Every structure is written in structure tokens, then in C-alpha cells.
């Protein structure tokens, strides 16, 4: 529809509304890249009585939506009674949902209001990410996913979720300023601060860089993965797809790179370029067929010619559309 120039130019068309019941939120970014003048809104997703860990499910999805150009994340329903009703469509024999969970429960007999877990998961974002906020860059780390925002008053908000079954310590770096924090297992925290950033942080090439921590990309989508550290991998990769990682510090030199890969398709090649897609090659890695899209292996290849700080371009080639491989992380030694 948006390929129609009349529709695309219309001020009556804001963009695309999404529901969260199938596929991956990374699809939003694909549409955003195609039509950058239009927006994307996640306008409905409900919790279910069948979800065994709504807390983790919410943080992993809300963060994923907002990292992929989502302008909103709307929970449905806002309020239900103690029987998860009223369900007017179900009562009328028209289907509906009698297993959907609300933000708050209102007891129909007493009027008492109970806040559900979804009230708090949503609140980690809605209380601190203010109307008019803009998402700004934040990286992910092993077992940790994040989203960061700048509010209209220039204050910042950072939401971090630890999906591991053990506590995880990390450092949040903002220019030349930083703080350390330890998140307990399966927990989240929201951090806020104000001020003016000074200096530019760098990412050590010898750290485990999550592939989902790109600054920009083309020809791929992020998706949830079932690898050891969880998080989001790069999937649905087309030949010629690439992702950009800024300010990567290679130090004096590197000699090897490891890549975490899963492929139920054709496999292919990952090439690391310095500063542009046409820049010097730091490493080329063969991506094998591993027997499944979530059957993860670590492969290594030699690396050379990289020192100092560079923007790193990861380019994928080989195979056919969306049948090459999934990538979770990479690390230079």
C-alpha cells in the first residue's frame, strides 16, 4: 500500500500498525527502512494465562519493539474483572478471548484494584520514557538487553533486562561517564540521569559484541534466539545484508575472530570491513550449515590489518534471500 505514491504522500496516513502475536518485531525495521517518512506503532499485544513468565516475555518483546523503530507499545486490555471479563464477544458466541490478562484487575464485587505484573513491566518504560522521547543508541550484552531514550527535557532513560538465571554485572558508559550495576537473575531496572555528554565511548573489539548492537543495518531483521545467552540474533539475512558497529577499538592488533552462527539454510560468508563496505578487510569467516536456525556453533578465522578505532561493517554474502545464516555475536582476539 505504501508503494502507492498517493498513499505515501497523504497526510492522512501515519504509517503501519502492528500486533504482536506472530513473527518478529524486527519486521518493523524492514518497513521503516523502506518508508522512512512513515512511522510504526505496536498497537496491541495481550498477556495470556498460558504464559509461564510474563515478566521476561514483556521485557524481551517491549525492548525488541522499541529497538526496531516502534513509536509505541500498547497493552490490551487495560482493565478486566476477576474472571478476566467481561468478554462481550465470547458471551455473544463471536469468539473473543477469555484467557487474556489485563494491566489491572478490578474486582466486580468490591471495586478493589489489583496491579498485575504487566502494570510494572510496562511502567518501567511508560513512567520514564516521556511523550516526545527519541530512542538513542544502547548496546546489548550477553544475557542483557536494553533500550535507551532521550526525553524532550534532554534527560535520559535506560532500561536493562537480565534474562539469565544468574546475576549479571555490567557497566553503563555515557561518553566519559559510567556507572556499574548488578542485576539479579531475571530482573530489570530503569536508570535516569541528566546532563551533557562529554567524549565518545569505544567498544573493545576483544569484548563479545552482540550482533544486535548495531548502529544501522540493511537487509536483515533481529529476532529472539535460544542460544546460551539469549537476546536477539540477526536473522532473515539476505545476500548483501550488512550491519554497522561504530567506534570499535582494535588496540595494537588482532589475529583472530570468532563468530556465533546458526544455519538451517545454505550458509555463506561474513566479511568484516573497516570504515565502509569498500574499506579494508579485517577478516572473512565461513558461515557453515549447522543443521538448524537455532543450532548454534562458534567458528573462527584469522584476522589482520586492524588497529586503533574504526567503524566496523559486517557484510553477509552467499545463499539466497533469507536462507544464509543467523548471527548472535562476534569477538576478536
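Derivation of every value follows stated rules applied to the coordinates shown; laboratory data play no part. Model, not experiment: these values are computed from the prediction. Counting neighbours? That spans all protein chains shown, and the Cβs are built from the backbone with ideal geometry, glycine included.
Can you list the residues of segment 55-79 with backbone N under 16 Å from a point 7 Å past the Cα of residue 34, pointing along Cα to Cβ? It comes to 69, nothing else.
Applying a 10 Å radius around every beta-carbon, put 163-170, 98-105 in order of their mean neighbour count, most first.
Numbers: 163-170: 14.5, 98-105: 17.2.
Per-residue Cβ counts within 10 Å, averaged per peptide and sorted highest first, yield 98-105, 163-170.
For segment 204-332, what is Rg from Cα atoms divided by 2.2 N^0.38 Å, rounded to two decimals? Expressed relative to 2.2 N^0.38 Å, the Cα Rg reads 0.95.
Starting from 0.36 nm per residue, how many nanometres of slack lie between residue 2 and residue 194 once their C-alpha separation is accounted for? Could the numbers behind the result be given before it?
On the way: separation 192, 0.36 × 192 = 69.12 nm, distance 3.87 nm.
Length gained, residue 2 through residue 194: 65.2 nm.
Taking Cα atoms only, the orientation of helix 54-66 departs from the longest principal axis of the chain by about 60 degrees.
Listed by Cβ neighbour count within 10 Å, with the fewest neighbours leading, 35, 161, 179 appear as 179, 35, 161. Label sites at residue 154 and residue 309, each approximated as a point 7 angstrom past Cα along Cα to Cβ, lie 2.2 nm apart.
Hey, what's the Kirkwood Rh for the chain if you take every pair of different alpha carbons, in angstrom?
Numbers: mean 1/r = 0.0463 Å⁻¹.
This gives a value of 21.6 Å.
In this label model, residue 126 and residue 178 are separated by 3.6 nm, measuring between points 7 Å along each Cα→Cβ vector.
Considering only alpha-carbon pairs that sit under 8 angstrom and 6 or more positions apart, the relative contact order computed for the chain is 13 percent. For segment 5-201, the Kirkwood estimate of hydrodynamic radius, built from reciprocal distances between every pair of different alpha carbons, is 18.8 Å. Across segment 5-201, the mean sequence separation of Cα contacts (distance under 8 Å, 6 or more residues apart), normalised by length, yields a relative contact order of 14 percent. The modelled label-to-label distance between residue 11 and residue 166, using points 7 Å beyond Cα along the C-beta direction, is 5.8 nm.
To the nearest 10 degrees, how steeply does helix 117-126 sit against the main Cα axis of the chain, on a 0 to 90 scale? Here the helix axis deviates by roughly 60 degrees.
Comparing 85, 111, 47 in a Gaussian network model of the chain, where Cα atoms under 10 Å apart are tied by springs, the biggest mean-square fluctuation is seen for 111.
Order 189-200, 138-149 from most to least packed using the mean count of other Cβ atoms within 10 Å.
Details: 189-200: 11.4, 138-149: 21.6.
Highest to lowest by the protection proxy: 138-149, 189-200.
Cut-off 10 angstrom, C-alpha nodes, Gaussian network model of the chain. Which of 153, 81, 233 fluctuates the most? Looking only at 153, 81, 233, the largest GNM fluctuation is found for 153.
Each peptide in 272-279, 67-74 was scored by the mean count of other Cβ atoms within 10 Å over its residues; highest first, the order is 67-74, 272-279. Every helix of 4 or more DSSP H residues in the chain counts as -39500 (n - 2.57), and over all residues that averages to -3500 deg cm²/dmol at 222 nm.
What whole number of Å gives the distance from the Cα centroid of segment 55-119 to the Cα centroid of segment 128-175? What the calculation gives is 25 Å, centre to centre.
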